[in-house]
1. Do we have Ser191 as part of a loop (DSSP other than H, G, I, E, B) and closer than 25 Å to Glu93 by Cα here?
2. Which residues, counting only those in segment 231-265, are under 19 Å from Gly116 (Cβ atoms), touching a helix residue (DSSP H, G or I) at 6+ places or on another chain (Cβ under 7 Å) and not in a helix (DSSP H, G or I)?
3. Mind checking whether some residue in segment 203-223 is in a loop (DSSP other than H, G, I, E, B), under 16 Å from the mean Cα position of the chain (by Cα) and within 30 Å of Leu124 (Cβ to Cβ)?
4. Collect the residues in segment 64-83 that are surrounded by fewer than 24 Cβ atoms within 10 Å (Cβ to Cβ) and over 19 Å from the mean Cα position of the chain (by Cα), keeping them in residue-number order.
5. Being among the basic types (Lys, Arg) and more than 22 Å from Ala200 (Cα to Cα) is the filter here; which residues of segment 117-159 pass it?
6. Here are some conditions: (1) part of a helix (DSSP H, G or I); (2) buried (at least 22 other Cβ atoms within 10 Å of the Cβ). Leu103 meets all but one. Which one does it not meet?
7. List the helices (runs of 4 or more DSSP H) that sit entirely inside segment 1-54 and contain at least 1 residues that are touching a helix residue (DSSP H, G or I) at 6+ places or on another chain (Cβ under 8 Å), small (Gly, Ala, Ser) and in the same structural domain as Val65 (by TED's automatic domain parsing).
8. Would you mind stating whether Ala153 is assigned to a strand (DSSP E or B), farther than 22 Å from Leu275 by Cβ, at pLDDT 95 or above and in contact with a strand residue (DSSP E or B) (Cβ under 8 Å, 6 or more places away or on another chain)?
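The values are calculated or read from the model by the stated rules, or taken from the named source; none is laboratory data. Just so it is clear, the model here is predicted, and its values are computed rather than measured. FYI the Cβ positions are ideal-geometry reconstructions off the backbone, even for glycines, and counts take in every protein chain you see.
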Amino acid sequence: MVGYLFAGQGSQYVGMGQDLSAAFPEAQEIFDQANKILGFSLSELCFRGPLDVLTKTNNCQPAIVATTIASWQAYKSKHPQIDGYMAGLSLGEYSAYVAAGALKFEDAISLVRQRGEFMEEAALKYPGKMLSVIGLDLVKVREICAQLGTEVANINCPGQIVISGTPLAISQAQELAKAQGAKLAVILEVSGAFHSSFMAEASLKLARELEKINILKPKFPVVSNVSAQITFDPAEIKQNLIKQVASSVLWEDSIRLILSKGVSSFIEFGPGKVLKGLLRRIDSNARVTNIEKKEDIAGS
């Protein structure tokens with residue numbers, strides 16, 4: 001039994017997916033589909049940049065999903081027998097549901113493009129920032145949030161928690177976290193206070209778009225970011241995706257659920273090795289393979 005993990009936003013880089021696309025027709029087909037659906041060359045943006053345009057949320061989200069599913073399809077061409085548990089970090093949850101057969105790729109790529117636009121609109125209307133706190137436990141971080149009116153956005157792994165809030169509150173939280181003994185308190189290079197109530201309007205807009213989408217029962221168990229639980233109910237999956245934009249990402253609990261099923265071997269799909277790093281901090285004994293280049297598949 002294997003744990004299949006799907007990359008989230010922030011792992012993008014110029015050149016991602018190009019190697020796989022050149023080596024695997026299955027990967028190239030994914031980029032061709034994305035280009036046609038979106039009406040512009042997403043593959044060109046992924047392969048050649050520029051980085052500042054790629055990093056824009058409304059571009060970055062479909063770019064990462066396309067690259068992730070391209071790596072998934074390339075892997076499946078060599079390993080058709082899939083059996084295990086799936087989870088995706090925030091944006092990566094869409095890739096997980098595509099891989100599990102619950103969401104069509106063409107629907108996912110359109111949804112995440114809109115999701116990115118809705119999040120950017122909310123960020124402009126309600127300016128905010130995010131702070132990564134390293135080395136404080138959740139109790140202390142929640143105390144800081146209660147004091148300053150900030151919110152827990154991501155519980156990534158032991159000792160790594162991200163909070164969202166107004167620029168002033170996040171600046172104050174940075175100083176308070178350091179005073180409380182945090183090893184690091186870093187303001188993230190993001191455009192808004194994601195996974196918080198600042199994104200409530202984005203969540204409502206996304207709900208209207210998700211109403212138009214047909215979600216099927218997944219073929220494999222997928223762990224929800226919102227609940228850190230598995231559901232096969234399409235209606236519940238849809239509600240979880242709506243809530244996810246403005247709710248905490250329970251990544252550590254999601255991984256612990258998969259580990260509790262006896263899984264000790266994981267494969268991370270998509271650009272970067274962020275999830276590998278988080279997983280190692282949750283369980284140092286877990287084995288993780290990354291699939292993002294052709295040699296990764298040759299060696300898998």
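1. Numbers: part of a loop (DSSP other than H, G, I, E, B): yes; closer than 25 Å to Glu93 by Cα: yes.
It is true that Ser191 is part of a loop (DSSP other than H, G, I, E, B) and closer than 25 Å to Glu93 by Cα.
2. Val245, Ala246
3. Pass one, segment 203-223, residues in a loop (DSSP other than H, G, I, E, B): 211-221.
Now narrow it down to the ones that are under 16 Å from the mean Cα position of the chain (by Cα): none.
No: zero hits.
4. Applying the first criterion (surrounded by fewer than 24 Cβ atoms within 10 Å (Cβ to Cβ)) to segment 64-83 yields 73, 76-83.
Of everything in segment 64-83, those that are surrounded by fewer than 24 Cβ atoms within 10 Å (Cβ to Cβ) and over 19 Å from the mean Cα position of the chain (by Cα) turn out to be Lys76, Ser77, Lys78, His79, Pro80, Gln81, Ile82, Asp83.
5. Residues of segment 117-159 that are among the basic types (Lys, Arg), as a first pass: 125, 129, 140, 142.
Answer for segment 117-159, where residues must be among the basic types (Lys, Arg) and more than 22 Å from Ala200 (Cα to Cα): just Lys140.
6. (1)
7. Details: elements: 18-23, 25-38, 42-48, 51-54.
Helices (runs of 4 or more DSSP H) meeting the threshold: 18-23, 25-38, 42-48.
8. Numbers: assigned to a strand (DSSP E or B): yes; farther than 22 Å from Leu275 by Cβ: no; at pLDDT 95 or above: yes; in contact with a strand residue (DSSP E or B) (Cβ under 8 Å, 6 or more places away or on another chain): yes.
No: the conditions fail for Ala153.
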